[in-house]
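Nothing in this text is a laboratory measurement; each read-out follows from the coordinates by a stated rule. Here the structure is a predicted model, which is why all the values come from computation and not from measurement. Cβ atoms come from the backbone with ideal geometry, glycine included; neighbour counts cover every protein chain shown.
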Amino acid sequence: MEIKVCFLGSARYEQPLDATSEKKFRALKSLGKLFVIGFSQDLCTRTFTEHAHFYLMPQCRLSVIRYAEMFVLGPLLACWLIFRHGVQVLVAQSPYEGFAAALAKKIAGWLGYRIVLVVESHGDFEESLFLQRRVALAGLYRFLMRHAARFSLTHADSLRAISNSTKLQLERQSPGKPIVRFPAWTDIEVFLQAGGSREQNFPQSILYAGVLTPLKGVHHLINAFVGLAQEFPQARLVLVGHEENKSYAAQLKEQVKRFGLDERVQFIGVMPQVELALWMRKACVFVLPSVSEGLGRVVVEAMATGTPVIGSNVGGIPEIVEDGSTGFLVPPADQKALAEKIRWILNNPEEAREMGSRARLFAAHLFSTETYVKGYGQIFEAAQPSIEQEEQKHAASSL
């Protein structure tokens, strides 16, 4: 029997799919018939089929409207897919999207449908929003988020974590629920291939990649670089990522200007993974100075290119980086420690190159398409008895 699964989340998709998403859903379609509820890249609704059936809501710039779309349209779309196409499993990207999925499950249950709900956690769902930007009416937000998460986790049949830290948080919030842990998707082959032709020279390029929000601690990285700029006149800091928090991004640029480093610090927008892999390959070190992090997937991508990494000792990063072997761990917001580790990389190019080689081997072993598909296969296999029982019940009622 072919299983029918709907993924529901706030991810944005384009038509046709970008190379990374195309590869992801091409791999997952071996598990069953797939449906996806998410957002388009603009204000248009879109439906199309490419390995999965996509139903995309308009992507409004105002987050409150996107939340309203998810919590109102999300359950309606999910219910329609259950009734019209026989979807049996709902997979929610986080406990908040899980509210919409849990509501659809409850409505379907009233009408006699048994739906399996899987709720995922990709980060600190309790605090990360408040670390990314300043939130008006924060108390109200916390109240609503807490109750939305509680509702979805209560109605979940199983949970998925991407790291030990996210697993522990789910266990605290929903004790006794089965949890499957496997990393988030990354097209690791792109980064491994880039690392296979890594240049032997050692350009003094320090790289960060990720959204520009206070959660990522980029201002700490800039301050650390200020202390190194005079000591290493050839060193450059490259910051790649979407300016998700506009005011924070403006503060970062003002911070760079204030220290007279306009010519030494480069801001670059979002780029395809193939291009990002090339930037990583050319860097002497990749730095992720987050104050909170679910796993730090971008760290693994940098490691796959053979680049040594420096990451904050938070969340899932310590699960990836072996301090002193594949990279360095530093306390979050400790600018002095961060500068010291970057200085070591710049002063010891040969040892740093060996560190990057060990990091590449680790990344190749830990991440693979097969591991990712196997993880979801384990989740869907656990759901199979409930689905078969539901099929038998419907078959009996139709006699």
- Which labelled figure in (i) 67, 49, 44; (ii) 65, 45, 39; (iii) 81, 45, 40 is Cα extents along the principal axes in Å, once derived from the coordinates: (iii)
- With springs only between Cα atoms under 10 Å, which of 145, 355, 280 fluctuates most in a Gaussian network model of the chain? 145
- Message: I need the peptides 41-47, 337-343 ranked by packing, meaning the mean over residues of other C-beta atoms within 10 angstrom, with the highest value on top.
- Response: 337-343, 41-47
- Query: Anyone know which of 183, 16, 349 comes out most mobile in the 10 Å Cα GNM of the chain?
  - Reply: 16
- Item | Length-normalised contact order for the chain - Cα pairs under 8 Å, 6+ apart - percent | 14
- Task: May I ask which of 167/336; 4/246; 177/246; 23/177; 29/246; 282/336 have a Cα-Cα span longer than 29 Å here?
- Result: 167/336; 4/246; 177/246; 23/177; 29/246
- Message: Quick check: the angle from helix 246-258's long axis to the longest principal axis of the chain, C-alpha only, nearest 10 degrees?
- Response: 0
- Message: Which of rounded, prolate or oblate describes region 31-174 when judged by the alpha-carbon gyration tensor and an a/c cut-off of 1.5?
- Response: oblate
- Message: Under a Cβ-only charge scheme (Lys and Arg +1, Asp and Glu -1), can you give me the dipole magnitude of the chain about the Cα centre, in debye to the nearest 20?
- Response: 760
- Helix-only mean residue ellipticity at 222 nm for the chain, each DSSP H run of n ≥ 4 adding -39500 (n - 2.57), per residue, nearest 500: -15500 deg cm²/dmol
- Note on the structure: Mean separation of Cα contacts under 8 Å (at least 6 apart) over the residue count of region 188-366, i.e. the relative contact order in percent, is 26
- Take the alpha carbon atoms of region 79-111, find their center, do the same for region 278-342, and report the distance between the two centers in whole angstrom. 38
- With the Cα gyration tensor of region 188-366 giving a ≥ b ≥ c as the square roots of its eigenvalues, does the rule (a/c under 1.5 for rounded; else a/b larger than b/c for prolate; else oblate) give rounded, prolate or oblate? rounded
- Query: With contacts defined as alpha carbon pairs under 8 Å and 6 or more residues apart, what's the relative contact order of region 50-160 in percent?
  - Reply: 28
- Query: If you build a Gaussian network model of the chain, linking Cα atoms that sit under 10 Å apart, which residue out of 227, 98, 315 swings the most?
  - Reply: 227
